[in-house]
Amino acid sequence: MAAELTLLPYPDGWFAIAFSRDLHKQRILRTKIAGKEIVLYRTRTGTAYAIDPYCPHLGAHLGVGASIKGEEIVCPFHQFAFAPTGVCVRGFDGGPPPKASLQHHAVEEMNGVIFIWQSSAGVGPTWRIPSRPAVHGRYASRHTVTISGHPQDVIENAIDLGHISPVHHYTISVARSPMKTDGHILTIGPTVRRKLPGLGTAEVNFELEAHGLGYEYVSAYIPELRIHVIVQMMTTLEGPRDLSVRFSVQAWVGSGIGSGLGNRLIARALTYSVGKVFWRDIRLDFPIWENKTYAAKPRLTAGDGPIQQYRRWASQFYDSSHDAVRVGTSVIISPIDTQVPS
């Protein structure tokens, strides 16, 4: 008999569905979130929209052959045009439109990323991801990959100080600033010592800020080298185990990137080299995430970090009305199982 794999449900909140640069004006992308397909498009004026994929007229897929005409998306089947509000405004050959509308989803474009609001109960956005002006410049190094995993495990890694030495080979790992939570926001400030290629061993001070389970903003500083690094880590659960990971990094020396050509060239080169190091660090976690089950009652030790408190915070992002659902040999557990005793 096959072993059962315990999985967490789809979480609610803001989740990345594309980097801004991936969606050009008057272009369309197909993507998924929480087992549902989404069509993403950008109008001539630059606004991004996310809709359900099927035309309400006769069911044509708007992600296959549709076009963007100004601010409207036009169905490839009968050329029905839909305004940004979702309302059909033009029928075949300019004729009167039917009484039909597209189903839109809340979208935020922030920090060089397009986010969509996911709610199992159909509730609208209750918080926003803050703007970070420094993280969407041309110097960012970006990566996108799909693996098996869950967003909760990704942020739990930042809390789980015990894994940092054996997995990432840092020589020291301590929580300089303890984990704190405020509504949908979680912060923690670990410090590590690690080898940097060509630069020797150095201390790295991290300040991590998570907004829900889909967005991490990490500021890192290497005092001995005066190097600043900004990392965005975004994860979106497209299916029960299909986790898209989007990662961006920027680095510079001194107080800021600066406007001089020399500083810009240094920032570009540093971003490239530091980005490779940080991305390699993240990828070391992939084999663990891809093959682990969810331990609802973990046997924790003193060096693990505040995992219990973290899971209590994370439980707010699940619809408590959902019971456990069995899928083949997998079990999607109910949110109550994410609660662990103090």
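The values are calculated or read from the model by the stated rules, or taken from the named source; none is laboratory data. Quick caveat, the model's predicted, so the values are computed rather than measured. Here Cβ is always computed from backbone atoms with ideal geometry, including for glycine, and neighbour counts include all displayed protein chains. The accessibility values were calculated without ligands, DNA or RNA, using every heavy atom of the protein model including side chains. Shrake-Rupley method; radii C 1.70, N 1.55, O 1.52, S 1.80 Å.
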Filter segment 180-194 for residues that are among the charged types (D, E, K, R) and touching a residue at least 24 places away in the same chain (Cβ under 8 Å) and give the result. 194
Filter segment 285-303 down to residues that are open to solvent by 30 Å² or more (accessible area, probe 1.4 Å) and more than 13 Å from residue 8 (Cβ to Cβ), then give me how many there are. 11
Residue list for segment 104-130, filter: in a strand (DSSP E or B) and either polar (S, T, N, Q) or touching a residue at least 24 places away in the same chain (Cβ under 8 Å) (or both): 104, 105, 107, 108, 109, 113, 114, 115, 116, 117, 118
Residues (of a type in the set (Asp, Glu), assigned to a strand (DSSP E or B) and either without any contact (Cβ under 8 Å) to a residue 24 or more places away in the chain or open to solvent by 40 Å² or more (accessible area, probe 1.4 Å) (or both)) located in segment 216-241: none
Only one of these is within 29 Å of residue 298 (Cα to Cα) and without any contact (Cβ under 8 Å) to a residue 12 or more places away in the chain: 244, 177, 173, 165. Name it. 165
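Where residues in segment 140-158 are touching a strand residue (DSSP E or B) at 6+ places or on another chain (Cβ under 6 Å), open to solvent by less than 30 Å² (accessible area, probe 1.4 Å) and outside any loop (DSSP other than H, G, I, E, B), which of them is farthest from residue 193 (Cα to Cα)?
Step by step, filter segment 140-158, then rank; the result is 147.
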Could you list all residues from segment 264-281 that are buried (at least 16 other Cβ atoms within 10 Å of the Cβ) and either among the aromatic types (Phe, Trp, Tyr) or within 14 Å of residue 148 (Cα to Cα) (or both)? 278, 279
Scan (1) open to solvent by 20 Å² or more (accessible area, probe 1.4 Å); (2) over 16 Å from residue 157 (Cβ atoms) for the single condition residue 248 breaks and write down its number. (1)
From the list 208, 213, which one is in contact (Cβ under 8 Å) with a residue 12 or more places away in the chain and not in a strand (DSSP E or B)? 213
Kindly provide the set of residues from segment 261-315 that are of a type in the set (Lys, Arg), out of contact with any helix residue (DSSP H, G or I) (no Cβ under 8 Å at 6 or more places or on another chain) and not in a helix (DSSP H, G or I), ordered by number. 297, 299
Which listed residue is open to solvent by less than 10 Å² (accessible area, probe 1.4 Å), in contact with a helix residue (DSSP H, G or I) (Cβ under 6 Å, 6 or more places away or on another chain) and over 20 Å from residue 140 (Cβ atoms), from 210, 202: 202
